[in-house]
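J.: Following this message is one structure expressed as structure tokens.
Just so it is clear, none of the values below were taken in a lab; they were calculated from the coordinates. Bear in mind that the values here come from a model prediction, so they are computed numbers and not experimental data. Neighbour counts run over all protein chains shown; Cβ positions are idealised from the backbone, glycine included.
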Amino acid sequence: MKRPRLGIRNLSCGRGEKALFQGLDISLVGGEAARVLGENGAGKTTLLRTLGGLQTPLSGEIVWESAQKRDADDPVLLKDELCFVGHDNALNAALTPVENLDVLMRLCGRPVAQPRIRETLAELGLKRLAHRPSGRLSAGQKRRVSLARLWLTDAPLWLLDEPASALDVDSRALLCARMAAHVAAGGIAVFTTHETLNLADVPVRSIELTPC
Amino acid sequence: MLWLHRFGSLPYFYRVSRPIALALAVPGVLLAVYGVYGGLVNAPVDYQQGDAFRILYIHVPSAWLSLFGYTSMAIAGAVALVWRLKLAEIFVVAAAPVGASFTFLALVTGSIWGKPMWGTWWVWDARLTSELILLFLYLGVIALHNAIESPRSAARACALLSVVGVINVPIIHFSVEWWNTLHQGPTVTRFGRPAMEMAMLWPLLCAALGFTLMFGWLTLWNMRAQLLWRERRSRWVKKVFSDA
Amino acid sequence: MHESWQQFWAMGGYAGYVWSSYAIAAVVIVGNIVAPVIAHRHIARRIKNEEFDD
Amino acid sequence: MLSVFWAVLRRDLLLAFRQRGVLVHHLLFFVLVVALFPLGTGASPAILVTVSPALIWMSVLLAALLSLQRLFKPDYEDGTLEQYLLSPEPLALIALAKVLAYWLASGLIFVLASPLLVLLLGVPASAVPVIMASLLLGTPTLGLVGAIGTALTLSLPRAGLLLSLLIFPLYVPVLIFGAGAMRAAIEGLPAAGALYLLAALLMLGISTAPFAIAAALKISME
């Protein structure tokens with residue numbers, strides 16, 4: 001099977017009229033992770049949002065070549081194969097973790113059965129909280145619930161914005177293991193992080209954003 | 001298409017918009033003055049309305065512009081949304097205050113004309129009511145533009161709002177018309193509309209055309225200021241002012 | 001047609017209505033001409049003063 | 001494709017049920033506006049019946065304005081809206097599901113509460129079916145059109161007054177036909193024409209507004 005590939009060509013992004021970085025070129029293939037580096041305000045979140053299609057680049061292009069591409073008439077789009085964990089957890093305070101994850105997985109086109117959601121939450125040490133309103137969880141617990149999507153999805157492309165924020169040491173180790181497994185299985189992960197995330201044997205490339 | 005591409009270039013637009021604005025201003029003002037002169041001086045007195053009908057030489061062109069302006073905004077808005085053309089975004093934002101002021105003018109002059117004709121300043125007549133709602137549509141676009149901080153998002157939001165608005169304009173007009181025939185009935189004195197004499201009609205057409213050209217001029221004028229503000233940090237703007 | 005200037009200004013008794021309409025129209029149009037010119041000058045001055053050079 | 005529609009619809013209805021206190025507030029607002037009105041005009045039945053179409057529809061409009069402000073706001077604040085935009089499914093479909101859920105939880109309540117209120121105002125019982133039909137056809141359109149406005153003002157912290165300026169002019173046709181149908185029914189005249197027009201507006205709204213809402217959400221999220 002072909003490997004998926006994420007190509008970024010001469011990409012310039014900005015907030016409003018002002019360019020944050022210019023001329024970014026990189027090509028990632030399945031089996032590679034990439035860490036986005038740059039100081040505060042360099043455009044790390046902007047890059048991830050642009051890759052996900054939430055923002056239009058000022059110039060340049062993003063090409064997604066899917067491993068599943070069947071023929072030219074039936075392209076598999078980046079959106080179909082994406083798991084995006086943003087800065088916010090995307091959890092509604094009045095819904096339980098199970099309900100939230102159920103909807104989130106349906107939204108990204110990969111519905112999963114509720115028992116599997118409960119199992120995954122249990123693996124992440126959230127068993128007792130699975131049916132409590134999400135609003136009553138601590139910041140770290142919410143983050144873990146939000147990250148549970150990574151255990152439920154089979155999307156080849158992951159875009160993770162500060163996935164380890166508010167996580168304790170054990171949860172961070174779990175996250176690293178999951179990310180490494182995903183990349184080792186031929187997936188791509190692009191992430192930003194302030195904490196050190198040790199992805200063991202997996203190649204991690206750097207995307208350096210220099211302000212212009 | 002090449003022409004369009006070149007025109008889409010902002011420095012080019014900034015350079016040529018000035019002569020184009022003047023090229024619109026001169027015939028626009030001349031035509032408007034000629035039309036108004038013809039209406040005020042040459043046109044014979046209307047046998048029903050007396051000299052008050054001379055207000056129409058302002059009112060009718062303004063009312064025409066209010067619709068023309070909103071439609072042009074919506075077309076530019078659609079272009080801005082589909083092709084992300086920056087100049088189209090700027091047009092929407094720049095045309096809104098001009099269109100709003102002519103809509104206001106149409107309302108005020110309509111009301112002043114109505115006082116001697118209907119005996120009251122305001123009548124919930126179908127056309128006046130539609131015009132009032134059109135003014136609110138304009139004010140909505142202006143208010144939205146002022147409220148959103150990022151100029152880009154503000155302009156795109158205004159573009160969408162004007163497209164939504166223009167779909168509603170005929171519906172609003174139809175509904176107001178429907179409501180008017182239902183409740184107002186024949187209580188409002190309406191004058192018969194005999195065919196206008198050429199001496200009356202001709203200046204009116206000239207004034208309307210002149211106002212339309214002036215609308216283009218004033219909007220271009222506004223666009224230049226808008227463009228400069230949005231591009232104030234760009235290299236070409238700095239170059240324009242360091243060369244000067 | 002008007003017989004004399006006096007008659008012209010009187011507008012058949014509708015002078016107040018007609019001339020106020022035209023006066024308001026003049027104000028609106030002049031305002032539309034002047035406002036962008038002032039805005040343009042203001043922005044141009046700020047650009048020349050290098051206020052946006054970060 | 002429809003599975004996302006149902007998922008969002010079910011989610012929002014579940015939320016509405018969990019936060020049913022808010023629904024009661026909407027209903028109370030509607031009842032209060034109508035109940036306070038006679039205190040302002042005097043309780044003369046003739047006046048109350050005459051103004052009842054305007055009163056009912058204006059209070060529905062105001063209630064819609066107040067409730068619509070929260071339509072996308074929680075999703076915007078907690079990041080769920082981002083996930084809607086990232087979904088491979090059409091955003092317009094998700095928007096339609098949200099508006100439908102919103103209407104089931106607020107507009108439908110007004111429809112069901114209206115007979116009681118119009119009888120309170122002294123409207124003949126024979127007019128009640130037409131009044132309910134007009135609200136049934138009109139309130140979803142209010143939701144669809146209002147959602148465009150609320151999506152456009154999403155990034156603003158306090159959008160209430162601005163929102164009213166954006167959407168009230170667009171509400172004019174619904175107000176006219178809705179109140180027109182109600183008045184015709186009260187006067188014992190045929191109201192079918194106005195109801196057909198309301199239905200036409202609703203059809204137009206369902207077929208076009210979701211795309212405008214989707215475009216507005218994208219603009220606000222950029």
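J.: Can you sort B:Asp125, A:Asp154 by how many other beta carbons sit within 10 Å, fewest first?
T.: A:Asp154, B:Asp125
J.: For D:Leu2 paired with A:Leu37, estimate the spin-label separation in nm (one decimal), with each label point 7 Å from Cα along the Cα-to-Cβ line.
T.: Computed distance between label sites D:Leu2 and A:Leu37 equals 5.2 nm.
J.: Report, by chain and number, residues whose modeled amide H sits under 5 Å from the one on A:Arg15, excluding near sequence neighbours (fewer than 5 apart, same chain).
T.: Counting only residues 5 or more places away or on other chains, the set is A:Leu20.
J.: May I ask for the angle, rounded to the nearest 10°, between helix A:97-107 and the longest principal axis of chain A, with both axes built from Cα atoms and the value confined to 0 to 90°?
T.: Its long axis makes an angle of about 40 degrees.
J.: Taking the Cβ-Cβ separation of A:Arg128 and A:His87 as r and a Förster radius of 30 Å, what is the calculated FRET efficiency to the nearest 0.05?
T.: Once rounded, the FRET efficiency stands at 0.65.
J.: Also, I was wondering about something else. Divide by every residue of chain A the summed helix terms, -39500 (n - 2.57) for each DSSP H run of at least 4, and state the resulting mean residue ellipticity at 222 nm, rounded to the nearest 500 deg cm²/dmol.
T.: Per the formula, -8000 deg cm²/dmol.
J.: Determine the alpha carbon to alpha carbon distance for each of A:Lys2/A:Lys142; A:Lys127/D:Lys218; A:Lys79/D:Lys73; A:Lys79/B:Lys86; A:Lys44/A:Lys142; A:Lys79/B:Lys239 and list only those over 31 Å.
T.: A:Lys2/A:Lys142; A:Lys127/D:Lys218; A:Lys79/B:Lys239
J.: Each label point is 7 Å from the Cα along the Cα-to-Cβ direction; what then is the distance between the points at A:Ala139 and C:Gln6, in nm?
T.: In this crude label model, A:Ala139 to C:Gln6 measures out at 8.7 nm.
J.: Could you work out the mean count of beta carbons from other protein chains within 10 Å of each residue's beta carbon in B:234-243?
T.: Neighbouring Cβ atoms belonging to other protein chains average 2 per residue here.
J.: Tabulate in residue order the Karplus-calculated ³J(HN,Hα) for segment D:186-194, using 6.51 cos²θ - 1.76 cosθ + 1.60 with θ = phi - 60°, rounded to whole Hz; enter x for Gly and Pro.
T.: Karplus values, whole Hz, x for Gly and Pro: 5, 7, x, 9, x, 10, 4, x, 5.
J.: Which net charge results for the neighbourhood of A:Arg49, defined as the other residues with beta-carbon distances under 14 angstrom from its beta-carbon, given Lys and Arg at +1 and Asp and Glu at -1?
T.: -1
J.: Against the longest principal axis of chain B, how steep is helix B:86-118, in degrees 0 to 90 to the nearest 10, with axes from Cα atoms?
T.: Between helix and principal axis, roughly 20 degrees.
J.: Here is a further query. When the helix-only estimate is applied to chain B (DSSP H runs of n ≥ 4, each -39,500 (n - 2.57), divided by the residue count), what is the mean residue ellipticity at 222 nm, nearest 500 deg cm²/dmol?
T.: Mean residue ellipticity at 222 nm (helix-derived): -28000 deg cm²/dmol.
J.: Under a plain spin-label model, where a point goes 7 Å from the Cα along Cα-to-Cβ, how far apart in nm are D:Ala192 and C:Val37?
T.: Placing both labels 7 Å along Cα→Cβ, they lie 6.3 nm apart.
J.: Now, a different point. Given the Cα-Cα distance of B:Arg15 and B:Asp243 and 0.36 nm per residue of separation, how much length would full extension add, in nm?
T.: That works out to 80.8 nm of additional length.
J.: While we're on this one: Using modelled amide H (1.01 Å from N, peptide plane; none on Pro or chain starts), what sits under 5 Å from the amide H of A:Ile207, excluding residues fewer than 5 places away?
T.: A:Arg35, A:Val36, A:Leu37
J.: For segment D:67-76, just list the computed ³J(HN,Hα) in residue order, Karplus coefficients 6.51, -1.76 and 1.60, θ = phi - 60°, integers in Hz, with x standing in for Gly and Pro.
T.: Ordered by residue, 3J(HN,Hα) equals 6, 5, 4, 9, 4, 10, 4, x, 5, 5 Hz.
J.: Now, a different point. Kindly work out what percent of the DSSP beta bridges joining two residues of the protein assembly as shown are antiparallel, to the nearest 5.
T.: 45 percent
J.: Moving on. Which whole-number percent is the relative contact order of segment A:58-212 (Cα, under 8 Å, 6+ apart)?
T.: Answer for segment A:58-212 is 23 percent.
J.: May I ask you to evaluate 6.51 cos²θ - 1.76 cosθ + 1.60, the Karplus curve with θ = phi - 60°, for each residue of segment D:132-149 and list the ³J(HN,Hα) values in order in whole Hz, giving x for glycine and proline?
T.: In residue order, the calculated couplings are 5, 5, 5, 5, 4, 7, x, 5, x, 5, 4, x, 5, 5, x, 5, 4, x Hz.
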